[in-house]
Amino acid sequence: MSGNKPRTLVVAGLGLGQILAWGSSYYLLAILAEPVTADTGWPATLVVAGLSIGLVTSALVAPRVGSRIGQGHGRRLLVLSAALLSAGLVLMAVSPALWVYLAAWIVIGLGMGTGLYSSAFAALGLLYGESARTPITALTLFGGLASTICWPLSLYLVSEIGWRGTCGVYAALQLLVTIPLYLWVLPQRRLNEPVRKTIGVAVRPVDVRSRRPSGTCVVLLTSIVTLSGLITTTMSVHLFTLLGAAGFGMAAALALATLVGPSQVGIRLVELLFAKGYHPLWTMAASVLLVGLGLGILSAGLPLYALIMILYGAGIGLASVAHGTVPLAVFGAEGYASLMGRIALPALLAQAAAPPLGTLLINTIGASATSMTLALAAVANIGLVVWMMLLTHFQSVRVRAASVLTPGASGGKRAIIH
């Protein structure tokens, strides 16, 4: 249950908080890296490394955060996240030396680990149980607007008050907007009571009293999310380099890159409106297939760059939805928050490693071979998703057979693929 607040209000409040959280952390250096380097003289590689430090920090705290949310502390942790982001941004704004700047990213990383998608998804899972698919999808619509809103805002603020002032404004927004929003829309009481609603997919009552989540399924899901994070972060950091190697100038590459954001939001809206009758594993399958097609066309050197950006954007748009809804559908609401934290650890570490790894690949084997490597990784991810779908199907068959043999059994239910 979600207290007295309507579900739409809860999602909207969390969504606005997510826009500000992503904009003042993950997307911050896309605009601020150059002015920070120009103003301070610090090495550009170390300035950009701040984000990797933040991602590593967030990865290390993610499992603990998931466990705490699973115990009913989602509201408290999301509020703490906004406070940590604000403190880190203030420290960054006043940093007199590089080591202080990098220390600020540790604090920001703590805020990222306690307040970005994984934590918000886990909180929604505790609020709405197995009916959380629609709220999670709706939340990603807000998150998809973070760069669209915050990049222009950051550009304007930097031009008016400099990068330090920009950090100060984002810190104030966390305190004055995000924290009050979270306190308003999220209920105060613990929300870890079982919820026996459906997730909006075709379900058949099945006794799973003696069934525990398959370790193989957990490993597969973690591998899929981690590989997806590695691919998307590498692309987001090195997209302009890869497009430049294909002959595009900065203006043309930027025009192509702007197709990614609308494609993400558009496909999430399609998923929200039309995919409720399908198991989220099909959403994950569509995600990896679209990413694979986009990167395959890019690596083949075909001059279909607008299509590449649209396919890739749609794929990563569905990925955020799938990463939040598949664990809920396959493993159920019980233990969902803790599982999200465990999955986030390797995924965030992979995202932290992606920028330097991409640089190493480009400098070693060239941009074209790097595109091919990313395409092969995407194909491998397609194989992992197919494997997980088959494994889940076979497990469901065994569970149905067991329920026939023990018709009087009772217990929790799971959504199974049809």
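Values as computed for the structure displayed
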read-out	value
The chain: most fluctuating residue of Ala251, Ala322, Ala21 per GNM, C-alpha cutoff 10 Å	Ala251
Summed side-chain charge close to Gly144 - residues other than Gly144 whose Cβ falls under 12 Å, Lys, Arg +1, Asp, Glu -1	0
Simple Cβ-charge dipole of the chain, Lys/Arg +1 and Asp/Glu -1, about Cα centre, in debye nearest 20	1700 debye
FRET efficiency for Asn363 and Ser159, using Cβ-Cβ distance with R0 set to 41 Å, rounded to 0.05	0.80
Kyte-Doolittle mean at least 0.5, axial Cα span of 18 Å or more - DSSP H helices of the chain	7-23, 44-70, 74-93, 98-115, 146-173, 215-245, 260-274, 280-300, 305-331, 336-365, 367-405
Neighbour-count order for Phe121, Phe240, Phe142, fewest beta carbons within 10 angstrom listed first	Phe240, Phe142, Phe121
Relative exposure of Thr325, Thr258, judged by other C-beta atoms within 10 Å (fewest first)	Thr258, Thr325
Cα-derived Rg over Rh, computed across the chain with Rh taken as Kirkwood radius	0.97
Formal net charge of residues neighbouring Trp163 (Cβ-Cβ distance under 15 Å; K, R +1; D, E -1)	-2
Positive-end residue of Pro35, Met92, Ala132, charge dipole of the stretch 7-185 with Cβ unit charges	Ala132
Gaussian network model of the chain, springs between alpha carbon atoms under 10 Å - residue of Tyr101, Tyr156, Tyr27 with greatest fluctuation	Tyr156
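Just so you know, all these numbers are worked out from the coordinates, no wet-lab data involved. Values in this document were obtained by computation on a predicted structure and should not be read as measured data. Methodologically, a virtual Cβ is constructed for each residue, glycine included, from the backbone with ideal geometry; neighbour enumeration extends over all protein chains shown.
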